[in-house]
Every structure is written in structure tokens, then in C-alpha cells.
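The values are calculated or read from the model by the stated rules, or taken from the named source; none is laboratory data. The model shown is predicted, which means the values in this text are computed figures rather than measured ones. Just the protein is used for accessible areas: all its heavy atoms, side chains included, with ligands, DNA and RNA removed. Shrake-Rupley method; radii C 1.70, N 1.55, O 1.52, S 1.80 Å.
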Amino acid sequence: MTAHEPDDLRPVDLHDEGLPVLPDQTSDDTDSGWGDWPSPDDVSHLLEERPPHWG
């Protein structure tokens, strides 16, 4: 029978070798997840559609 070491003395490999456990963004958090077309990343369409009182 061998003596077991406490968990505090056991070496632990902390190198990240695989995929993240949770993704940064899920498919429900995207336009296509809601059934919409993907929106462009630029904001030019927002600047063109601003109300007249914004100057």
C-alpha cells in the first residue's frame, strides 16, 4: 500500500491546451441566432440615419 499525498502537494499543469470551457459569444447572442441577417461592423449606417435634431 502506498501513501497518498494531500492535494496541495500534487503538481497541477496550468497550461491551456484545449478549447475554452465557455465561448465568449454564443450563437443566440448574434444576429443570425435571432434569424436576422448579419449586420456590418461599421457604424456608417447609424450616422446616416441619425435624427435631424442631432445636428
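Descriptive notes on the structure:
- Counted residues, the range 29-51 - those being part of a helix (DSSP H, G or I) and not acidic (Asp, Glu): 7
- Residue list for the range 16-28, filter: assigned to a loop (DSSP other than H, G, I, E, B) and either open to solvent by less than 100 Å² (accessible area, probe 1.4 Å) or modelled with pLDDT of 75 or more (or both): GLY18, PRO20, VAL21, LEU22, PRO23, ASP24, GLN25, THR26
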